[in-house]
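Right, one structure below, let's go through it.
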Amino acid sequence: MTAYGFLQYSDISHELRVQLRDGLLRYCELDTMAMVMLVEGLFIKAK
């Protein structure tokens, strides 16, 4: 949340903005993958 707020309300260089954006996208990708793995695990246990 801090990085997102920093992107919105700070006067930062384009390079830093791109790095923060890419980091946030990577975090979202990993978070989504973890949720998918969790649900898959729950379905396997339910069988």
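The values are calculated or read from the model by the stated rules, or taken from the named source; none is laboratory data. Nothing here was measured: the structure is a model prediction, and the numbers come from that model. Please note: Cβ atoms are built from the backbone with ideal geometry, for glycine as well, and neighbour counts cover all protein chains shown.
Descriptive notes on the structure:
- Near pairs, Cβ below 8 angstrom, 6+ apart or cross-chain, from the stretch 19-44 (touching a residue at least 24 places away in the same chain (Cβ under 8 Å) and farther than 14 Å from residue 7 by Cβ) to any residue that is aromatic (Phe, Trp, Tyr) and in a helix (DSSP H, G or I): none
- A residue that is assigned to a helix (DSSP H, G or I), of a type in the set (Phe, Trp, Tyr) and modelled with pLDDT under 90 cannot be found anywhere in the stretch 21-37.
- Every condition in (1) loosely packed, with under 10 Cβ neighbours inside 10 Å; (2) within 11 Å of the chain's Cα centre (by Cα); (3) at pLDDT 90 or above; (4) of a type outside the set (Ser, Thr, Tyr) is met by residue 1 except one, and the failing one is (3).
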